[in-house]
Amino acid sequence: MTAVRRYPVLVALCLAALFMIVPFLIVAVNAIKSPAEYSQNGPLSLPDGLYLDGLKDFWERVDYSQKLVNSVLISGSVALLATVLSVLNAYAIGVGRIKGRTWVLAFFVLANMLPQEALVYPVYYLSKEVGLYDTRLSVIIVFTVIQAAFGTYLLSSVLGQFPREIIEAARIDGADKWQVLWRIVVPVSRPTLGVLLVFFFIWTWNEFLLPLVMLISNDNQTVSVALGVLQGQRLMDATMTNAAALLGVLPAIVFFLVFQRTLTRGIAVGAVK
Amino acid sequence: MTVTVERDARVVGKDHGSRPSRRPRTSYALFLLPGILAFLAVVVLPFVMNTYVSFTDWQGVGSPTWSGLANYRELMDDSEFWASFRHSLFMVVAMAAVPTVIGLVLAAALFDYVGKHFGSRVAAVLRACFYLPQVLPIAVAGIVWSWILAPDNGSLNALLNAVGLGSWQQDWLGDPDIALYSVMGVMVWVQIGFPLVVFMAGLQRVDPQLYEAAELDGAGWWRRFWHITLPQIRPETYVVLTWCSIAALKVFGAVYVLTKGGPGGATNVPSYFSFTTFFEKTQVGYGAAISTVLTVIILALSLVGLKLQTRAEDAEEGARA
């Protein structure tokens, strides 16, 4: 292989990668243009200067701070609660090797594969019955359970391989099952739990259908729902759309930069087992 | 101090017989209790309700009246329903088939080519670019693309104009003949990162000597891809195909934001169809029937996928042993 033959492939791959990130760049460039500049020069020109009023207007119009708070609150609670629930389930299945564990596991896996479309109306109806409709709590409860289904599946196989000598030793030293779980199993499995936390957080952040149905009032909506609804109603002009897109993209890019290692490692873990 | 006491207690317990052997099982099952209860309430109960409602005539108020298979019979004659499932097949092509093929080639190229000759850092940066859309909420991806594909002053049309291909300009999302393909294009962009990352992780467990031996024997890149890479990552391929196909059948947010199923139903998909039937037409029984059919298809697909995956993994372990 000569270097001359290698470079065309690298160049082709770089062009393909550029194509993937061009939409992000184009949005960023247009979000800082003034409407006049946009209508005069079109979407492809570079901005003359920094115009932040579009972003500011949009932020105030949709009360973006409140949306961020809602998203962080919902996704954070779900990530924590779903991880705890996954650990409890997986401890019983993987370490405890309870009777009929294969069936219990199959039950969780199938529950995870169910489309939300087959749950959405009853969840909507039942939450109205019990007075949880249009509360952030309703969404937290539902996603905690749905995410924990995947977490149980993944963690059970990880904990199934937990070194039994460590558990035996702790038991002989007098630790009960609860202590073994929190003082030994959880600390040792911390890397996998970290992966679960990150995934649950981002997945919940990105969810659309159920939050769209359940969170109708402005004060409860998440970032994804608020932006999606606005766009679906076609109420925005081009500058507004770009501001919305940029504000929606930014948190995702922050997560991406912070969690990139965890994300790619986690996908691999999740896929292979 | 306590430890010794506890230890003694255990020994005493052993003398009494039953305790140590009976206690573990019951108390491990207790850890499962919150999970099972939450599942019954949040997943099983709604699912059973949805299935029941699909056999009834119900507008969401009052009590449902039993109508047997009437909803399903109506579905069979509903051209909108068949169209939505046909569009689902297009989505499977866009979200599963195409990204898997492209992902395979990209992963092999990044791993076996860029990684080897330009360093793993370069490969990692490129991989990150392809993966980025996966972290984006689908609703936000929809906003980005509906603006890029806009008929007036959209970036794509502006770009075509700028390079002298002005006659290629289209109303990408508004023309019934093109809209579905535009949505497919967006979904390919969204989806490519997932297979790529899974395949690159899978390739790390392939014995590098296989590639070296093949290269010494004079096998070119495509031969190595065909005879080493493909067979080696067959289990990952099944996982990716299954997961992506399921995601394709469920696609909702992108359609909601990009086209609302339009124009004229040209991009309607089952999940969006059931959503509008539930909440806009309030034909809850009919919507439940649509989502039940979708569920049956997805569960069948999951079982086939799991089966293929286990078989591929078994075969691979057999080959290794």
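The values are calculated or read from the model by the stated rules, or taken from the named source; none is laboratory data. Bear in mind that the values here come from a model prediction, so they are computed numbers and not experimental data. Here Cβ is always computed from backbone atoms with ideal geometry, including for glycine, and neighbour counts include all displayed protein chains.
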- Query: For the subset of segment B:247-261 comprising residues that are touching a Pro at 6+ places or on another chain (Cβ under 8 Å) and more than 14 Å from B:V186 (Cβ to Cβ), which member is surrounded by the most Cβ atoms within 10 Å (Cβ to Cβ)?
  - Reply: B:L249
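Given A:S75, A:S65, which one is hydroxyl-bearing (S, T, Y), surrounded by 23 or more Cβ atoms within 10 Å (Cβ to Cβ), out of contact with any Leu (no Cβ under 6 Å at 6 or more places or on another chain) and more than 8 Å from chain B (Cβ to nearest Cβ)?
Numbers: A:S65 fails: surrounded by 23 or more Cβ atoms within 10 Å (Cβ to Cβ).
Of A:S75, A:S65, the one residue that is hydroxyl-bearing (S, T, Y), surrounded by 23 or more Cβ atoms within 10 Å (Cβ to Cβ), out of contact with any Leu (no Cβ under 6 Å at 6 or more places or on another chain) and more than 8 Å from chain B (Cβ to nearest Cβ) is A:S75.
Matching residues to (1) more than 20 Å from the chain's Cα centre (by Cα); (2) surrounded by fewer than 24 Cβ atoms within 10 Å (Cβ to Cβ):
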site	(1), (2)
A:V109	no, yes
A:M113	no, yes
A:A118	yes, no
A:V123	yes, no
A:L126	yes, yes
A:R136	no, yes
A:F143	no, no
- Name every residue in segment B:131-158 that is at the interface with chain A (Cβ under 7 Å from one of its Cβ atoms) and polar (S, T, N, Q), in order of residue number. B:S146, B:N153, B:S155
- Among (1) loosely packed, with under 13 Cβ neighbours inside 10 Å; (2) of a type outside the set (S, T, Y); (3) over 24 Å from the mean Cα position of the chain (by Cα), A:P47 falls short only on (1)
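State all residues of segment A:120-145 that are part of a helix (DSSP H, G or I) and in contact (Cβ under 8 Å) with a residue 60 or more places away in the chain; if no residue qualifies, say none. Show your work before the answer.
If we filter segment A:120-145 for residues that are part of a helix (DSSP H, G or I), which is where we start, we get A:120-129, A:136-145.
Of everything in segment A:120-145, those that are part of a helix (DSSP H, G or I) and in contact (Cβ under 8 Å) with a residue 60 or more places away in the chain turn out to be A:V120, A:V123, A:Y124, A:S127, A:R136, A:S138, A:V139, A:I140, A:V142, A:F143, A:T144, A:V145.
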- Message: Here is a check on your reading of the model: is A:V130 under 16 Å from B:L32 (Cβ atoms), within 11 Å of another protein chain (Cβ to nearest Cβ) and surrounded by fewer than 23 Cβ atoms within 10 Å (Cβ to Cβ)?
- Response: no
- Query: What number of residues within segment B:94-130 satisfy the criterion of being within 7 Å of chain A (Cβ to nearest Cβ) and either among the β-branched types (V, I, T) or farther than 16 Å from B:V206 by Cβ (or both)?
  - Reply: 7
- B:G261 vs (1) in a helix (DSSP H, G or I); (2) touching a helix residue (DSSP H, G or I) at 6+ places or on another chain (Cβ under 7 Å): all pass except (1)
- Query: Residues B:T237, B:T229, B:T282, B:T267: which one is in contact with a Lys or Arg (Cβ under 9 Å, 6 or more places away or on another chain), in contact (Cβ under 8 Å) with a residue 24 or more places away in the chain and more than 9 Å from every other protein chain (Cβ to nearest Cβ)?
  - Reply: B:T267
- Item | Those residues of segment B:124-157 which are under 25 Å from the mean Cα position of the chain (by Cα) and small (G, A, S), in sequence order | B:A124, B:A128, B:A139, B:A141, B:G142, B:S146
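In segment A:44-84, how many are part of a loop (DSSP other than H, G, I, E, B) and closer than 18 Å to A:V229 by Cα?
Pass one, segment A:44-84, residues part of a loop (DSSP other than H, G, I, E, B): A:44-52, A:63.
Narrowing further to those that are closer than 18 Å to A:V229 by Cα: A:63.
Number of matching residues: 1.
Quick one: is B:R121 within 16 Å of B:A248 (Cα to Cα), of a type outside the set (G, A, S) and without any contact (Cβ under 8 Å) to a residue 60 or more places away in the chain?
Judged against the criteria, B:R121 is not a match.
Which of the residues that make up segment B:244-260 are more than 8 Å from chain A (Cβ to nearest Cβ) and either of a type in the set (V, I, T) or within 17 Å of A:P115 (Cβ to Cβ) (or both)? Quick ask: steps written out before the conclusion?
Looking only at segment B:244-260, we keep the residues that are more than 8 Å from chain A (Cβ to nearest Cβ), and these are B:244-245, B:247-248, B:251, B:254-255, B:258-259.
If the condition is that a residue be more than 8 Å from chain A (Cβ to nearest Cβ) and either of a type in the set (V, I, T) or within 17 Å of A:P115 (Cβ to Cβ) (or both), then B:C244, B:S245, B:A247, B:A248, B:V251, B:A254, B:V255, B:T259 are the ones that fit.
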- Item | Given (1) under 30 Å from B:L110 (Cβ atoms); (2) at the interface with chain B (Cβ under 9 Å from one of its Cβ atoms); (3) at pLDDT 90 or above, number of the condition A:A92 does not satisfy | (1)
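Would you confirm, using the coordinates I've provided, whether B:T310 is in a helix (DSSP H, G or I), closer than 25 Å to A:A106 by Cα, more than 10 Å from chain A (Cβ to nearest Cβ) and among the polar types (S, T, N, Q)? Talk me through it step by step, then tell me what you get.
Numbers: in a helix (DSSP H, G or I): yes; closer than 25 Å to A:A106 by Cα: yes; more than 10 Å from chain A (Cβ to nearest Cβ): yes; among the polar types (S, T, N, Q): yes.
In short, yes.
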- Note on the structure: Among helices (runs of 4 or more DSSP H) entirely inside segment A:167-266, those with 3 or more residues being touching a residue at least 60 places away in the same chain (Cβ under 8 Å) and surrounded by 15 or more Cβ atoms within 10 Å (Cβ to Cβ) are A:190-206, A:209-214, A:223-232
